[in-house]
Amino acid sequence: MQTLVKDAQSLLTAAASLTGTKADELRERGMHMLDAALGKGSQYKDQAMVKGKELAQSADVYVKDNPWRTVAVAAGAGLLLGVLLGRK
């Protein structure tokens with residue numbers, strides 16, 4: 001996606017120095033490429049939101065099914081983090 005945006009930027013930069021139909025064509029291609037990049041970015045954002053909600057739901061179910069195991073894991077992680085930070 002970064003490549004697509006960079007290509008669009010270079011086309012728009014080249015179009016800025018030109019005039020006439022060639023400049024219009026380059027600007028149109030550049031804008032089309034930017035629109036495609038924005039569309040892909042929006043699609044990835046939507047996919048990430050759906051996946052995040054699914055993960056949050058599964059974590060919620062796990063915590064409700066195993067409350068003491070979750071408390072033990074959280075306490076262990078806190079202890080480990082405390083030991084690591086206490087060393088410095």
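With VAL71, VAL63 as the choices, which residue is touching a Ser or Thr at 6+ places or on another chain (Cβ under 8 Å), β-branched (Val, Ile, Thr) and either in a helix (DSSP H, G or I) or under 26 Å from THR3 (Cα atoms) (or both)?
Going through VAL71, VAL63 in turn, the sole match is VAL63.
So GLN9 passes all but one of these: (1) modelled with pLDDT under 75; (2) exposed (fewer than 12 other Cβ atoms within 10 Å of the Cβ); (3) of a type in the set (S, T, N, Q); (4) not in a loop (DSSP other than H, G, I, E, B). Which condition number does it fail?
(2)
With the structure loaded, tell me whether ALA75 is surrounded by 10 or more Cβ atoms within 10 Å (Cβ to Cβ) and at pLDDT 90 or above or whether it fails that test.
Yes, satisfied.
May I ask you to verify whether ALA48 is in a helix (DSSP H, G or I), at pLDDT 90 or above and of a type outside the set (Lys, Arg)? Step through it out loud before you land on a result.
Numbers: in a helix (DSSP H, G or I): yes; at pLDDT 90 or above: yes; of a type outside the set (Lys, Arg): yes.
Answer is yes for this residue.
Could you tell me whether GLY20 is exposed (fewer than 11 other Cβ atoms within 10 Å of the Cβ), at pLDDT 75 or above and of a type outside the set (Val, Ile, Thr)?
Taking the combined requirement at face value, the residue does not satisfy it.
When both residues are 6+ apart or on different chains and their Cβ atoms are under 6 Å apart, which pairs have a first residue that lies in segment 44-62 and is surrounded by fewer than 10 Cβ atoms within 10 Å (Cβ to Cβ), and a second that is hydrophobic (A, V, I, L, M, F, W, C) and outside any helix (DSSP H, G or I)?
none
The values are calculated or read from the model by the stated rules, or taken from the named source; none is laboratory data. As the structure is a prediction and not an experimental result, all values here were calculated from the model. Using ideal geometry, Cβ is built from the backbone for each residue, glycine included, and neighbour counts are taken over all protein chains shown.
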